[in-house]
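A short write-up of the structure that comes next.
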Amino acid sequence: MYNMFFNNIQIPVPPPKMTMTINNKNETVTLINEGEVNILKKPGLTDIQFELVLPNNRYPYAVYPNGYQPASYYLDVLEQLKVSQEPFQFILNRTKPDGSLLFDTNMTVSLEEYVPEDDAEEGFDIRVAITLKQFKPFGTKKLVIQQVAGVSTVNTKVTVEKTRSIQGKQKPKMHTVKKGDTLWAIAKRYLGDGSKYPQLAKLNNMANPNVIKVGQVIRLE
């Protein structure tokens with residue numbers, strides 16, 4: 001079983017096939033009298049490509065955790081992700097029929113492009129080709145040059161000032177379920193690992209961890 005989320009919004013029908021490409025940044029150079037050598041570097045950003053079918057009908061195999069939504073609802077979600085110019089969380093859970101987790105993909109990404117396509121073979125449903133790219137946060141540092149009067153610039157001292165606050169935040173003890181939330185995503189957010197969702201289920205005496213309701217209060221510790 002596969003569950004796919006864009007920013008905690010679950011896609012009703014996960015793709016049958018997905019391609020993840022970890023881009024290579026290694027460099028091959030030729031040395032005099034040594035021939036070719038391979039200079040190993042850190043891998044590049046990951047590209048993710050797949051196709052989705054967005055249903056305009058209710059299907060028994062589709063997942064509607066917060067009620068049925070037509071294809072236009074998910075097309076609006078994709079448009080907002082594109083025009084916001086902000087990265088978002090892409091999550092794909094792979095579970096066995098008994099609910100146990102096989103493994104998951106959880107990555108901060110940007111929406112590079114999406115191509116809606118009307119296909120007569122899909123009836124009223126919409127097929128969308130999607131390309132995502134891994135996003136890594138980055139920032140700038142401020143260099144402060146301190147020069148003592150009468151001292152040559154050779155001895156000028158340069159220090160780096162951190163521009164980001166390092167003050168910690170108090171960890172919350174409760175979470176109120178919002179539209180699109182899943183117990184897996186809540187565990188990922190507060191426990192740092194989505195596969196720890198059974199801990200939250202046990203703590204909150206949940207018979208079925210796959211069913212949570214908007215407004216429900218989840219204990220975190």
(request) Grab the Cα-Cα distance for Y2 and D118, subtract it from 0.36 nm times how many residues apart they are, and report the gain in nm with one decimal. (result) 39.3 nm
(message) Relative to 2.2 N^0.38 Å, what does the C-alpha radius of gyration of the range 1-101 come to as a ratio? Two decimals please.
(response) 1.57
(request) Please work out the C-alpha center-to-center distance from the range 92-108 to the range 20-62 and express it in whole Å. (result) 21 Å
(request) Arrange the peptides 97-109, 52-64 so that the one whose residues have, on average, the most other Cβ atoms within 10 Å appears first. (result) 52-64, 97-109
(message) Nearest 10 degrees is fine. How inclined is helix 71-83 to the longest principal axis of the chain, computing both from alpha carbons?
(response) 10 degrees
(message) Which entries of K25/K188; K41/K136; K188/K213 have Cα-Cα distances beyond 26 Å here?
(response) K25/K188
(message) Students often get this wrong, so try it: which of (1) 22.2, 86; (2) 16.7, 55; (3) 23.7, 81 is Rg and Dmax of the Cα atoms in Å as calculated from the structure shown?
(response) (3)
(request) Mind checking the range 29-113 for GluC sites (Glu not before Pro) that DSSP puts in a loop (not H, G, I, E or B) and that have at most 11 other Cβ atoms within 10 Å? (result) E34
(message) Can you give the FRET efficiency to the nearest 0.05 for V211 and N57, using r as the Cβ-Cβ distance and R₀ = 22 Å?
(response) 0.40
(message) Helix-only estimate, please: 222 nm mean residue ellipticity of the chain, summing -39500 (n - 2.57) across DSSP H runs of length 4 or more and dividing by its residues, to the nearest 500.
(response) -4000 deg cm²/dmol
(request) Give me the net charge of Y64's neighbourhood, meaning all other residues with Cβ under 15 Å from the Cβ of Y64; Lys, Arg count +1, Asp, Glu -1. (result) +1
(request) Determine the gain in length on full extension of the stretch T105-D193; use 0.36 nm per residue of separation and subtract their C-alpha separation, reporting nm with one decimal. (result) 30.5 nm
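Coordinate-derived values only; no laboratory data. All values derive from a computational prediction rather than experimental measurement. Note: ideal-geometry Cβ built from the backbone for every residue, glycine included; neighbour counts use all protein chains shown.
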